[in-house]
Amino acid sequence: MKEQDEKTSLIGLAIGAAVMGLIASGKTINSYSITEELRRLGRKKGDGLEDEIFVKAAELVSKGL
């Protein structure tokens, strides 16, 4: 259970980071822009693969959950 709580917290932090990035860049905040920012952040890992947390966060935002 603790691992799931940590994963949930990390997903929330990822969504918050995406929103803050959009605010800082002056972009419109909506589910599409948040999803795209999450995908961009996930790809920033350097190896081109999206991080699991960012992928899950993007899925949740795009579904409206």
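Below is a table of values for the structure above.
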item: Among (1) 29, 10, 7; (2) 26, 10, 9; (3) 19, 14, 11, the entry derived from the coordinates for semi-axes √(5λ) of the Cα gyration tensor in Å; result: (3)
item: Neighbour net charge for Ile11 - beta-carbon separation under 12 angstrom, K R +1, D E -1; result: -3
item: Arg43 paired with Asn30, simple spin-label distance in nm, labels 7 Å along Cα-to-beta-carbon; result: 2.1 nm
item: Mean Cβ neighbour count within 10 Å, used as a protection proxy, ranking 8-16, 25-33, 50-58 highest first; result: 50-58, 8-16, 25-33
item: Sequence-distant aspartates and glutamates (8 or more away, or on other chains) whose Cα lies within less than 18 Å of Lys63; result: Glu36, Glu37, Glu52
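Where a number appears in this text, it was derived from the coordinates with a stated rule and is not lab data. This is a predicted model, so every value here is computed, not measured. Cβ coordinates were reconstructed from backbone atoms using ideal geometry, including for glycine residues, and neighbour counts include every protein chain displayed.
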